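Engineer: One structure is given below, represented as structure tokens, and several questions about it will come after.
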Amino acid sequence: MTDLLTLIVAKYNYWLYVILMMIGLYAMIAKNNLIKKLVGMNIFQTAIILFYVSIGYKRDATIPIIQNAHGGNDTHAAVIHAVDYINPLPHVLMLTAIVVSVATFGVAMALAVRVYQRYQTLEEDELRMRLVDIGPEK
Amino acid sequence: MHWLIDLIVLTFVIFCAIAAISVKDLLGTAILFGAYSFMMCLLWAVMGAVDVAFTEASVGAGVSTVFFVAAVFRTSRRTKD
Amino acid sequence: METIISIKPLLAVLVSLFVIPVLVSSSGKPNVRESWIFVAGAIKLVLVLSMLPVILGGKQIVLTLFEIAPGAAIAFRVDGLGMLFAIVAASLYIVTSIYSIGYMRGLNEHGQTRFVSFFALAISATIGAAFSANLLTLYLFYEILSLATYPLVTHHQDATSRISGRRYLTFILGTSIALVLPAMIYCYHVTGTLEFSTAGIFTGQLSKPAALVLLLMFVFGFAKAGIMPFHTWLPAAMVAPTPVSALLHAVAVVKVGVFSIVRVITGIFGVDLLADFNLGVVVMSIASVTILVSSCIALSQDELKRRLAYSTISQLSYIIFGVALLSPQGLTGGVIHIAMHAFGKITLFFCAGAIFVATGKKYISQMQGLGKKMPFTFAAFFVGALGVIGLPPTGGFYSKWNLILGTLEAQQTIFMLVLLVSSFLNAFYFLPIVFKAFFGKSEEEDNKTPVKIQEANLCLVIPLIITAIISVVLFFYPTMFVNLIKIGLSI
Amino acid sequence: MKFLGFIIVCLTGALLLYGTGEFPGWGDPHSPASIHLSNDYIEKAVEQTQVPNLVTAVLADYRGFDTMFETAVVFCAGLACFLLLRDFKEKKERFYRHTPTGVILHVKDSKKVLKTGKEFEHMDKDWVPSDLIIKTICRILIPFIQIYALYVVAHGDFSPGGGFQGGVIFGSSLILLAISYDLKVLVKRVKEKILGIFAAIGVLIYVGIAAICMPMGGNFLDYSKLAPLVPGDPHHIRALGMLGVEIGVGIAVTAVMVIIYINIVSEGRHEEGL
Amino acid sequence: MDNYPALIVITPLLAALLAGIAAWTEERLSYPIALIGLAVSMFAAFKVLMQVITSGTINYRMAGWAPPMGIEYTIDLLNAMVLLIVASIAFFNLIASYKSVEQETSDRAGSFYAIYLLFVTGLLGVTATGDLFNLYVLIEITSLTSYTMVALGDRDRGPLASLNYIFIGVIGASFYLLGVGYLYLKTGSLNMVDVANILSGLHGSSTILVAFILCMLGIWIKMALFPMHVWLPNAYSYSPVAFARIVAPLMTKVMVYVMIRLMITVFGLDYIFETLNLSEAVVWLATFAIIAGAVMALAQKNLKKMLAYIIVCEIGYMVGGAWMGNQLGMTGAILHILNDALMTFALFLAVGSMVYKLKRVDFIDLKGLFGKMPWTMAGFVLAAFSIIGVPPTCGFFSKWYLILGAFEAGAYHFAAALVISSLICAVLFFKVFEICFFEPMPEGHGHEDSSSHVAIEEAPLSMLIVSGLVSISLVVAGLYSGTIVNTIILPFLQ
């Protein structure tokens, strides 16, 4: 029982991330409205970012900014313990991932506007009907 | 203590996510999405990822939401699902 | 065996390839264009013949171009068999070129530049196939030939030729990809080589059922050989202009198919292996069925070219039949029939074309009495028919004689019967044509409407006379070909 | 589709959960991720780069190559929005307000363009600008936001933030201008051409700084080789290089954010919108 | 100078930025800038290939940091080959595309070139990098640019197709990112070689298994392996010609390269084929992909769509070969990366010329094309033969290795699928040839009112020259495939 409890405490948030990802994925696949799909896409991406960030998390450690880096003398700078600082690498990766996701989001929004301009709707089923209406492909 | 905050915020995040994809008003979705991003940003701050949190605060809760509202402004607000 | 490395086989293949750009660029000037064809054809023939003494001296000429994988290279090797085939193809190419000038100009056909270009490409591929050192190279040229002849077959660009072209490709390309390619790669997978050798490439890796399946895949896969039921492309391809039918469907295309099968039987499996497994009989039975059935069908055809086509199908199976006898006499008879039949059949096709150009007649029933108007044509036709039937004084007799001896040698008496029966059938469907042409009454005589019919122009008549004469000459001097075969198969 | 989606989601979820089975516990300081590389970064970064914010150090130096492409992605997004939405045709319908009387004119012919000035005011079809309070407050706020943005860029080496965050904030301030007034105000102040060029120049600064290292004898992005070019303490040259790079990122991001916003909100016409 | 590895990727990026600036100041300059950028990149790629062949793998440390701390470019024979393919195809396509771009996106050509160069940068970077996360960023660059381009081509359907492409593409990229996350969690590193070293002690781990599956799924989605191919036909047929011509030969091939790289360098063939034993299932999947792609191609009425489905089929070839679990299959797959890139490029070059002249390429629009555009059609025919697998074009030789590999692995179904797909391709292409050859061109083609009728004639010379070069290279690559295998592929695999 305690094993299970420690397991839950140690892992529960990974499970919740998975749930979050799946909410996003479900919205991307099953939602009818294109904007909703985009929201799903963003949820999916942020959930992954969350996953990465939590890889980097370390108990009893502080943010990855070295204190007194330039403030003290040389002896001071020498005592940096890796255990005291959170792993900066996932943060770096996720900064990049966030930028990528916002870029994709922007482009997707622009496309959604274009689609709406052309078909006056963003619902997938209606779009499919419009596509049938405009006839065979050129 | 950490994990308690973490759990509470995480629950909020999931709640916001579900709400954002199930509201029938797209402007509502935009706002809920902003809230979701902000919660997410809190979560990251809790985990010590200040830079990421900062970015998400400015991007996810800021610019993305603005883009979202702009897109909703140029398209329709209502949706069937 | 002693080998010489020489670039000659490559040159012989490439010479008509290099001439294609020249042909295309001189498309506005027909005379210039056609003289180039002759130059190329002559160079080709000279190159081929220049290798002849070496081969007759018991040596081989080899040239490896590209090593694709160990044991599978694009390489040439000139041996007796290849030499025989190359001589036939190269010499008939020149003759056909003369003929096609007459034919195409006589009928004022469109797209003549395209026609001669692809013709040159096709003959390149034929020589390449003759000189292939291994199955990969052979397959390569086989495929090039299939594709190069497609525009020739469909030259008229009308609905009929479209259907024929479709059938042509379906059978030839389809079988080669679906049957030959896997079989070839399987051979390579098992043995690690595709090099032709008289002992065969398999050294005990093959069980009898596997060998049977592979053999059948090859025999049917090389559908250019026209083994039934993959023969229907051949009559269909007769929509092509007659020079195409003549050269490609009496010499190049069909003979490449047969030649490939011969190569596979003698060079890949090896005569001994097939004899051990007793698989020759299987191939012989298939060939026999084709011989008899197609002869019967030929009897019922009224269109001359179609009758010739069915006759070709049966004659091709003679060759396979002979090789499948797996005895020295049978092999000799089969392989030499490649040459003998080529000269005989091309004469017949030339005649059919000449008749068509001169009179516009395609059907045998319309040809009564034409012999008096076109004596040279029909005389040549007669010689050609004798060659195909296998009667002296033509070369055809020699090959048929050897085949019959081969059946005796291999103690397959029943199959000798097949040969005899089919020879009778051959006689039945050819000789009446000649007879009626000379002694029957023409429609014009019945109708009393004088229509001026005379021999076709010289470009058409001279080639057919030449081939008829060669056909006769071969009866008296077959030695060179026989020697080539003996050297090629080391028998 | 819903059912299919549900099944795919369940399968993927199950797969992911299966993978968590062997995860180290959350926040475990001894997990491989926290030991292998991160210790090197934490312990050596300050010494090697003189930048106390480890994230910035890794972002702009150790993995500066990633960041360069990240900026290229942003540039690409800007280009994409321009290519997709920009429409140079003028809209046919226009609305004008006669300022003295408050009468609104609806002009349907695109050729008739009224001269806007004291008498006539061009107004948006769909968007009525906010009232005075919001306008005023925004006007006061925007300079502060912009200064903050500059601070974020400049101080990225020492505290959270950096070129990207600063750029986004600066971009947001301009967007705020558009929202509180209307789009025309923004378009008038920030020319499209300037934005387009700045988006490219920002990235170009980054790539340029990185590329100059090559003729200076170092590898691509090796800031330490820039020392002869820059006066000052060669000890801090990496930090300086990073600052330069961050400024480039900031410029590019600012420009691109505004480009995306303007194009989305005005459907590419740059005339009227939120 | 030994900065060539960086130059390969940097010059297109620089050129993209300069072209972006030129788009706003002096638009005429953007084309020469792009051309110069790609020429330099191609030259650098060539230099690198020569260097790798003579002196072995090149490691280039970005910013001078030793891996795994910094990002490293590891260029071995496989990379170098793919880099040269990508750079040269991009360069030659640019030469051929000047007129098409002028015709299709004249008012924003500068931005178009910038996007084009960014796409090439992404592909080159994906190929050159030795870092798992860097790979992700670069994949996103290629994706983002291709999303844009898809929306630009067909005004009616493009945006919607592109949006759907985004959804699928993001799922693919995110799966890959997740996979890398799982890997990172277990190994703590992102450098491919470093990760591989650590992984060798972790073979039994379920996390690594999931990471592997996620990475593969992500890459498969990006490369459009059946049944994850739905985005591809639209993406290829809606984008502007100049872009379709480069995305079709390169995008999927580079993704196949990534798959092979992950299999060989990161996870290790031992892990995949011995510990996991997944070979058979994936080869079956590839078999279905081949058959499905071929059959769907049969149902198409538009040339571009048909070619797109043929690419789906070709992807099956490469995936199947790579997963065969023996050296022959892998050789075939790698050789097919080169060959397929060349032959799809040749095909799309021809199609591009047709689109340039005809505007639409439904089958019915192609009537009588042999007469009107003989040289374009000659290139098309040669490329088609290569796809069918007629020797001596290069398509035959990779098929040769693939079938040999299938025989060795006992995967006879895969060999059968290869043969069947060849037959179907033959049917497909001869269907097109028949239309072009037998049916006369109708009057007033492509325009409802015959007053604006323009005579269809041969494509511009720039297109023809490139088309001719590529067609010749098909045969040359075929004949020298033995050399390629011996100098590049076999040394790489050993």
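Engineer: Have a look at D:G268, D:G202, D:G273 and point out the one that is over 15 Å from the mean Cα position of the chain (by Cα) and over 26 Å from D:I137 (Cβ atoms).
Structural biologist: Matching residue, one of D:G268, D:G202, D:G273: D:G268.
Engineer: Now, a different point. Would you please name the residue that is farthest from A:N13 (Cα to Cα), looking only at residues in region B:1-43 that are more than 13 Å from the chain's Cα centre (by Cα) and crowded, with 20+ Cβ neighbours inside 10 Å?
Structural biologist: Per the criteria, the residue is B:L26.
Engineer: List pairs: first in region C:461-482 and among the aromatic types (F, W, Y), second surrounded by fewer than 24 Cβ atoms within 10 Å (Cβ to Cβ) and in a loop (DSSP other than H, G, I, E, B), Cβ under 7 Å, 6+ apart or cross-chain?
Structural biologist: Going by the 7 Å Cβ cut-off, the qualifying pairs are C:F475/C:P392; C:F475/C:P393.
Engineer: How many residues, within region B:64-73, are facing chain D (nearest Cβ under 8 Å) and buried (at least 23 other Cβ atoms within 10 Å of the Cβ)?
Structural biologist: Counting residues in region B:64-73 that are facing chain D (nearest Cβ under 8 Å) and buried (at least 23 other Cβ atoms within 10 Å of the Cβ) gives 4.
Engineer: How many residues are of a type in the set (A, V, I, L, M) and touching a His at 6+ places or on another chain (Cβ under 7 Å) when one looks only at region D:82-103?
Structural biologist: Matching residues across region D:82-103 total 0.
Engineer: If you go through region E:147-154 one residue at a time, do you hit one that is of a type in the set (V, I, T) and either surrounded by fewer than 24 Cβ atoms within 10 Å (Cβ to Cβ) or touching a Pro at 6+ places or on another chain (Cβ under 9 Å) (or both)?
Structural biologist: So far as region E:147-154 goes, yes, one or more of its residues are of a type in the set (V, I, T) and either surrounded by fewer than 24 Cβ atoms within 10 Å (Cβ to Cβ) or touching a Pro at 6+ places or on another chain (Cβ under 9 Å) (or both).
Engineer: Could you please let me know if E:G172 is under 20 Å from the mean Cα position of the chain (by Cα) and either more than 12 Å from chain D (Cβ to nearest Cβ) or farther than 20 Å from A:F51 by Cα (or both)?
Structural biologist: Yes: the conditions hold for E:G172.
Residue-by-condition table, conditions (1) within 11 Å of chain E (Cβ to nearest Cβ); (2) part of a helix (DSSP H, G or I); (3) within 13 Å of D:G78 (Cβ to Cβ):
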position: D:V185; (1), (2), (3): no, yes, no
position: D:V203; (1), (2), (3): yes, yes, yes
position: D:M214; (1), (2), (3): yes, no, no
position: D:G218; (1), (2), (3): yes, no, no
position: D:S224; (1), (2), (3): yes, yes, no
position: D:H235; (1), (2), (3): no, yes, no
position: D:A239; (1), (2), (3): no, yes, no
position: D:G248; (1), (2), (3): yes, yes, no
position: D:T254; (1), (2), (3): no, yes, yes
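Engineer: While we're here: Mind listing just one residue for me: the one in region A:26-59 that is within 10 Å of chain D (Cβ to nearest Cβ) and not in a helix (DSSP H, G or I) and, of those, surrounded by the fewest Cβ atoms within 10 Å (Cβ to Cβ)?
Structural biologist: Within region A:26-59, the match that is surrounded by the fewest Cβ atoms within 10 Å (Cβ to Cβ) is A:R59.
Engineer: If D:E43 passes every condition in (1) facing another protein chain (nearest Cβ under 7 Å); (2) outside any helix (DSSP H, G or I) but one, which one does it miss?
Structural biologist: Evaluating D:E43 over (1) facing another protein chain (nearest Cβ under 7 Å); (2) outside any helix (DSSP H, G or I) leaves (2) as the failure.
Engineer: Filter region A:81-115 for residues that are within 7 Å of chain D (Cβ to nearest Cβ) and not in a helix (DSSP H, G or I); which is nearest to B:F67 (Cα to Cα)?
Structural biologist: Selected residue: A:P88.
Engineer: Which of the residues spanning region C:152-197 are hydroxyl-bearing (S, T, Y) and not in a helix (DSSP H, G or I)?
Structural biologist: C:T154, C:T193, C:S197
Engineer: Select from region D:56-73 the residues that are in contact (Cβ under 8 Å) with a residue 40 or more places away in the chain and more than 7 Å from chain E (Cβ to nearest Cβ) and list them in ascending order.
Structural biologist: Within region D:56-73, D:T56, D:A57, D:L59, D:A60, D:T67, D:M68, D:T71 qualify.
Engineer: Can D:I209 be described as part of a helix (DSSP H, G or I) and without any contact (Cβ under 8 Å) to a residue 40 or more places away in the chain?
Structural biologist: For D:I209, the condition - part of a helix (DSSP H, G or I) and without any contact (Cβ under 8 Å) to a residue 40 or more places away in the chain - is met.
Engineer: Would you please list the contacts, defined by Cβ atoms under 6 Å and residues six or more apart or on different chains, that run from a residue in region C:67-86 that is within 11 Å of chain E (Cβ to nearest Cβ) and among the hydrophobic types (A, V, I, L, M, F, W, C) to a residue that is part of a strand (DSSP E or B) and surrounded by fewer than 21 Cβ atoms within 10 Å (Cβ to Cβ)?
Structural biologist: Taking only residues 6 or more apart or on different chains, the pairs are C:A73/C:T64; C:A73/C:E67; C:I74/C:L65; C:I74/C:F66.
Engineer: Keeping to region E:147-168, report how many residues are more than 10 Å from chain D (Cβ to nearest Cβ) and part of a helix (DSSP H, G or I).
Structural biologist: 10
Engineer: Within region C:366-403, work out how many residues are surrounded by fewer than 19 Cβ atoms within 10 Å (Cβ to Cβ) and under 18 Å from C:S317 (Cβ atoms).
Structural biologist: 1
Engineer: Something else about it: What single numbered condition from (1) within 14 Å of chain E (Cβ to nearest Cβ); (2) at pLDDT 90 or above; (3) more than 14 Å from the chain's Cα centre (by Cα) fails to hold for D:F164?
Structural biologist: Condition not satisfied by D:F164: (3).
Engineer: Quickly run through region E:215-230 and pick out the residues that are crowded, with 23+ Cβ neighbours inside 10 Å and among the hydrophobic types (A, V, I, L, M, F, W, C).
Structural biologist: E:C215, E:M216, E:I219, E:W220, E:I221, E:M223, E:A224, E:L225, E:F226
Engineer: Run down C:L140, C:L121, C:L136 and say which single residue is within 17 Å of the chain's Cα centre (by Cα), within 14 Å of chain E (Cβ to nearest Cβ) and either touching a residue at least 24 places away in the same chain (Cβ under 8 Å) or outside any helix (DSSP H, G or I) (or both).
Structural biologist: Going through C:L140, C:L121, C:L136 in turn, just one is within 17 Å of the chain's Cα centre (by Cα), within 14 Å of chain E (Cβ to nearest Cβ) and either touching a residue at least 24 places away in the same chain (Cβ under 8 Å) or outside any helix (DSSP H, G or I) (or both): C:L121.
Engineer: Anything in region E:68-86 that is surrounded by fewer than 22 Cβ atoms within 10 Å (Cβ to Cβ) and at the interface with chain D (Cβ under 10 Å from one of its Cβ atoms)? List them, or say none.
Structural biologist: Across region E:68-86, there are no qualifying residues.
Engineer: Mind checking which residues of region B:24-35 are more than 9 Å from chain A (Cβ to nearest Cβ) and farther than 22 Å from B:T55 by Cα?
Structural biologist: Hits for region B:24-35 are B:K24, B:D25, B:L27, B:G28.
Engineer: Is there any pair with a first residue in region E:395-422 that is within 8 Å of chain C (Cβ to nearest Cβ) and a second that is aromatic (F, W, Y) whose Cβ atoms are under 7 Å apart and which are 6 or more apart or on different chains, and what are they?
Structural biologist: E:L404/C:Y188; E:F407/C:Y186; E:A415/E:F407
Engineer: Given the conditions (1) touching a residue at least 40 places away in the same chain (Cβ under 8 Å); (2) touching a Gly at 6+ places or on another chain (Cβ under 8 Å), and given that E:P233 satisfies all but one, which numbered condition is not satisfied?
Structural biologist: Status for E:P233: all satisfied but (2).
Engineer: Any residue at all in region D:80-99 that's under 30 Å from E:S111 (Cβ atoms), at pLDDT 90 or above, part of a helix (DSSP H, G or I) and more than 11 Å from chain A (Cβ to nearest Cβ)?
Structural biologist: No, the conditions are met nowhere in region D:80-99.
Engineer: Need the failing condition index for C:T193 against (1) in contact (Cβ under 8 Å) with a residue 24 or more places away in the chain; (2) away from chain E (no Cβ under 14 Å); (3) surrounded by fewer than 24 Cβ atoms within 10 Å (Cβ to Cβ); (4) out of contact with any Asp or Glu (no Cβ under 7 Å at 6 or more places or on another chain), just the number.
Structural biologist: Unmet for C:T193, out of (1) in contact (Cβ under 8 Å) with a residue 24 or more places away in the chain; (2) away from chain E (no Cβ under 14 Å); (3) surrounded by fewer than 24 Cβ atoms within 10 Å (Cβ to Cβ); (4) out of contact with any Asp or Glu (no Cβ under 7 Å at 6 or more places or on another chain): (2).
Engineer: Regarding region E:46-63, can at least one residue be identified that is polar (S, T, N, Q), surrounded by 24 or more Cβ atoms within 10 Å (Cβ to Cβ) and either part of a helix (DSSP H, G or I) or at the interface with chain D (Cβ under 10 Å from one of its Cβ atoms) (or both)?
Structural biologist: Among the residues of region E:46-63, not one is polar (S, T, N, Q), surrounded by 24 or more Cβ atoms within 10 Å (Cβ to Cβ) and either part of a helix (DSSP H, G or I) or at the interface with chain D (Cβ under 10 Å from one of its Cβ atoms) (or both), which makes the answer no.
Engineer: If C:I227 satisfies every condition in (1) crowded, with 24+ Cβ neighbours inside 10 Å; (2) part of a helix (DSSP H, G or I) but one, which is the exception?
Structural biologist: The single condition C:I227 does not satisfy is (2).
Engineer: Just for region E:103-135: of the residues that are farther than 21 Å from E:A346 by Cα and among the acidic types (D, E), which one is nearest to the chain's Cα centre (by Cα)?
Structural biologist: Checking each candidate, the answer is E:D131.
The values are calculated or read from the model by the stated rules, or taken from the named source; none is laboratory data. Predicted model, so just to flag it, every value in this text is computed and none were measured. Every residue, glycine among them, receives a Cβ derived from its backbone with ideal geometry; neighbour counts consider all protein chains shown.
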